[in-house]
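Beneath this line is the structure, given in structure tokens, with notes to follow.
The values are calculated or read from the model by the stated rules, or taken from the named source; none is laboratory data. As the structure is a prediction and not an experimental result, all values here were calculated from the model. Heads up, the Cβs are rebuilt from the backbone with ideal geometry, glycines too, and the neighbour counts pull from every protein chain shown.
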């Protein structure tokens with residue numbers, strides 16, 4: 001079996017994004033076990049790519065060919081240095097406090113909570129406080145490869161079984177999606193009955209993210 005960046009528990013909860021049937025993992029692919037669906041999904045650099053080609057604006061081929069699916073190319077070290085020194089209008093001043101509260105609430109209901117991160121190719125602003133709790137497992141997903149990406153998927157078809165997660169984080173993501181209502185329905189589906197959600201969106205920000 002191919003080593004992925006997902007824990008065994010997260011792998012068992014994986015589902016086909018097309019028909020939601022269980023999937024079997026081989027060295028290079030995940031295979032839908034539904035004979036009528038019978039889809040194959042690649043594993044690229046230990047990262048499963050579970051995209052529904054029938055409905056997503058992304059395609060599996062985008063990731064096989066390493067097309068730029070979200071983030072703009074780096075503008076160089078000088079530009080990045082200047083950006084870090086200029087105050088940002090999108091600063092989330094309460095994120096650390098909120099993430100710490102989320103962590104404590106999660107640990108009240110489970111000794112080892114599992115949290116889905118939608119849009120998690122990089123750590124969200126203020127997430128350091130949550131990351132300090134090693135007993136909380138983060139399943140970080142995105143539509144782009146990144147330093148923290150564990151699974152490529154589209155939030156319109158989240159490839160996990162229902163009631164899989166103690167919590168879901170969707171930070172500064174819903175303003176980018178085609179159908180936020182469908183994404184919220186999917187988040188609700190994979191969340192446990194008493195699960196927690198941390199979601200935020202910018203109420204005033206320039207066009208960003210291409």
Of residues in the range 170-201 being more than 17 Å from residue 109 (Cα to Cα) and in a strand (DSSP E or B), the one farthest from the chain's Cα centre (by Cα):
200
Reported set for the range 34-60 where residues are in a loop (DSSP other than H, G, I, E, B) and closer than 14 Å to residue 160 by Cα is 51, 52
Filter the range 111-144 for residues that are over 11 Å from the mean Cα position of the chain (by Cα) and farther than 17 Å from residue 200 by Cβ and give the result.
111, 112, 113, 114, 131, 132, 133, 134, 135, 136, 137
Over 19 Å from residue 199 (Cβ atoms) and modelled with pLDDT of 95 or more: which single residue out of 87, 147, 73, 48 fits that description?
48
Confirm whether residue 6 is surrounded by 15 or more Cβ atoms within 10 Å (Cβ to Cβ) and over 21 Å from residue 61 (Cα atoms).
yes
Residues satisfying the stated conditions in the range 132-154, i.e. surrounded by fewer than 22 Cβ atoms within 10 Å (Cβ to Cβ) and more than 16 Å from residue 5 (Cβ to Cβ)
132, 133, 134, 135, 136
Meets criteria (surrounded by fewer than 16 Cβ atoms within 10 Å (Cβ to Cβ), in contact with a strand residue (DSSP E or B) (Cβ under 9 Å, 6 or more places away or on another chain), in contact (Cβ under 8 Å) with a residue 40 or more places away in the chain and outside any loop (DSSP other than H, G, I, E, B)) for residue 116:
no
Selection from the range 129-148 of residues within 15 Å of residue 173 (Cα to Cα) and outside any strand (DSSP E or B) yields 143, 144
Just checking, how many residues over the range 23-44 are in contact with a strand residue (DSSP E or B) (Cβ under 7 Å, 6 or more places away or on another chain), farther than 24 Å from residue 144 by Cβ and in contact (Cβ under 8 Å) with a residue 12 or more places away in the chain?
1
Residues of the range 40-56 satisfying the condition of being out of contact with any helix residue (DSSP H, G or I) (no Cβ under 8 Å at 6 or more places or on another chain) and farther than 16 Å from residue 121 by Cα
40, 43, 54
Residues of the range 1-21 being touching a residue at least 40 places away in the same chain (Cβ under 8 Å) and not in a loop (DSSP other than H, G, I, E, B), which ones?
9, 10, 13, 14, 15
